[in-house]
Structures are given as structure tokens and as C-alpha cells.
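I have placed the structure first, in the form of C-alpha cells, so that the comments after it can refer back to it.
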Amino acid sequence: MNWLSTLFILIAAFLAVFWEAAFHWVRDLLGVQIDLLPALMVYAALYGRLLTVCLLAGCGGLWFDSLSANPLGISILPLFAVGFVMHLWRDLILRDQPFAQVVLGFAAGLAVPVFELLLLLTTGKPPRLGLGTVAQLIVMSVGSAIATPVVFFVLEWAQKTFVHSPMIETSFRPDREIRRGR
């Protein structure tokens with residue numbers, strides 16, 4: 001993965017945060033806004049470098065917090081923690097399988113808001129929690145699970161379209177003659 005792929009992920013994060021803030025019909029329909037940053041973090045952790053995970057957690061978390069009611073910077077640590085754990089285990093994860101993408105998206109979509117709630121409880125301004133919180137967490141997790149394969153498809157398409165693949169070099173030269181004889 002090169003710098004252009006990292007740039008695509010950061011642009012996708014900026015657009016995802018803008019979409020979440022600008023279009024309220026999803027929130028009105030479902031009762032909760034679907035967070036797309038955990039789905040992007042799954043992709044960045046599985047296909048990117050650790051620097052990509054750090055940049056997405058920092059920039060995406062700050063962008064998200066600046067347009068939400070969260071204290072500024074509270075989303076950075078949960079996003080980074082999810083991305084770091086997935087980045088550590090990425091060699092063992094079947095990243096090309098849609099079922100694995102859905103499961104990882106569900107896990108990330110559940111872990112990030114729960115970790116954010118735990119951090120919010122330590123700030124001294126606890127959020128309002130109730131039975132609706134569990135339903136909202138389930139809807140957010142399912143939404144993230146559905147969005148993860150879409151994120152993989154879109155970012156892999158952008159990768160194939162705009163990033164040149166490395167040229168494969170072999171040790172055989174076609175202009176070389178082979179002597180056959182005694």
C-alpha cells in the first residue's frame with residue numbers, strides 16, 4: 001500500500017463524516033446515525049500500514065468529534081484500539097471473504113461505541129443511558145457490518161483504478177539465447 005491508498009482512505013473518512021453530519025434521514029429512519037469510521041478502520045487495518053491506522057484514527061476521530069456532541073478527541077483512542085488489534089492479527093484474518101468482512105465490521109461497529117461510552121463515563125459528564133442504548137448499539141453494529149463490504153468494494157475499486165500495480169520482473173530475459181549443443 002502506498003501513500004495514494006492512504007490518501008483514498010482519509011478522503012473516504014472525511015466524506016463519511018460529512019455524510020453522517022449532513023444527511024439526517026438515516027437518523028430519522030433508524031433512530032440512530034450509522035457510523036462509517038469503524039468500517040473504514042477495518043479496511044485500513046487489514047490493508048494499510050500502522051501509519052495509515054494512526055492517521056485514520058487521529059483525523060477521522062477529530063473530524064467526527066468536531067461535528068458531534070462528543071468532547072473533542074474522545075473518538076481517537078477507540079478507533080485506534082480497534083485498528084491496532086486488527087492490524088496485529090491481519091495475517092490470520094481472511095480479509096478477502098465477505099463473511100469475514102461482515103463479522104469484523106460488526107465487531108468494530110460494536111467495540112468503538114462501547115469504548116467511547118466507557119471513556120465518556122470517565123469524563124464527569126455521563127451520557128444518558130437506558131434500554132434504548134442497547135438497541136442503538138445493535139443498530140449501529142449491524143449498520144457497520146453492512147457497510148464494511150461496501151467500503152472494501154469501493155476502496156479496492158479506487159485502488160485498482162488509480163494506483164499502478166508494481167511491474168513483475170522475472171529472471172528470464174526474452175532476448176537471451178540459450179546455446180544447445182556440445
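The values are calculated or read from the model by the stated rules, or taken from the named source; none is laboratory data. Please read these numbers as outputs of a predicted model, since none were measured by experiment. Neighbour counts run over all protein chains shown; Cβ positions are idealised from the backbone, glycine included.
If I filter the stretch 94-103 down to residues being over 11 Å from V42 (Cα atoms) and touching a helix residue (DSSP H, G or I) at 6+ places or on another chain (Cβ under 8 Å), which single residue comes out as modelled with the lowest pLDDT?
As a first pass, look at the stretch 94-103 and keep what is over 11 Å from V42 (Cα atoms): 94, 96-99.
Narrowing the set further to residues that are touching a helix residue (DSSP H, G or I) at 6+ places or on another chain (Cβ under 8 Å) leaves 94, 98.
On the way: L94: 87, P98: 93.
Checked the stretch 94-103; the qualifying residue modelled with the lowest pLDDT is L94.
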**Prompt:** Taking Y47, is it of a type in the set (S, T, Y) and surrounded by fewer than 20 Cβ atoms within 10 Å (Cβ to Cβ)?
**Reply:** yes
**Neighbours by Cβ (under 9 Å, 6+ apart or cross-chain): first from the stretch 60-72, acidic (D, E); second not in a helix (DSSP H, G or I)** = D65/P71; D65/L72; D65/G73; D65/I74; D65/S75
**Message:** With surrounded by 12 or more Cβ atoms within 10 Å (Cβ to Cβ), assigned to a helix (DSSP H, G or I) and at negative phi as the only criterion, which of V134, V150 stands out?
**Reply:** V150
**Message:** Take the residues in the stretch 104-128 that are surrounded by fewer than 16 Cβ atoms within 10 Å (Cβ to Cβ) and of a type in the set (V, I, T); name whichever of them is modelled with the lowest pLDDT.
**Reply:** T123
**Message:** It is to be established whether one or more residues within the stretch 162-177 are at pLDDT below 90, of a type in the set (A, V, I, L, M, F, W, C) and part of a helix (DSSP H, G or I).
**Reply:** yes
**Request:** Within the stretch 75-87, identify whether any single residue is closer than 20 Å to E20 by Cβ and part of a loop (DSSP other than H, G, I, E, B), and answer yes or no.
**Result:** yes
**Request:** Among the residues of the stretch 68-102, count how many are crowded, with 16+ Cβ neighbours inside 10 Å and either under 21 Å from P149 (Cβ atoms) or over 16 Å from the mean Cα position of the chain (by Cα) (or both).
**Result:** 13
